[in-house]
Amino acid sequence: MIVVFDIETTGLSITQDRIVEISMRKLDTMDNLDTLINPGRKIPQEVIAIHGIDDSMVAEAPTFKEKAREIYDFL
């Protein structure tokens, strides 16, 4: 099984920034998992300009912890 994924974040710091979106596709079955993630922090304007995801879009989204099992099961 091959899974291609794309992750959008609040920035590039491993210790300070958080995931705001995860998109995955299994190439053998073409199954998808796409979800916004509430990072629990503000998304900087310069980052919003790159991926277009703003605070209002993730305000009601689940946290990574809430989606971790679903992500694990998909993989």
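What is the dipole size for the chain, taken about its Cα centre, with +1 at each Lys and Arg Cβ and -1 at each Asp and Glu Cβ, in debye to the nearest 20? Please list the in-between numbers first.
Details: 8 positive and 14 negative charges, 49 e Å.
The calculation lands at about 240 debye.
The Cα trace of the chain gives Rg and Dmax of 12.8, 37 Å, the first to one decimal, the second as a whole number.
Derived scalar couplings between HN and Hα for segment 48-53 equal 4, 5, 7, 10, x, 9 Hz in order, rounded to whole Hz, by the Karplus curve 6.51 cos²θ - 1.76 cosθ + 1.60 (θ = phi - 60°), x for Gly and Pro.
The numbers here are math on the coordinates, done by the rules we state, and not lab data. Everything quoted here is computed from the prediction, not taken from an experiment. Please note: Cβ atoms are built from the backbone with ideal geometry, for glycine as well, and neighbour counts cover all protein chains shown.
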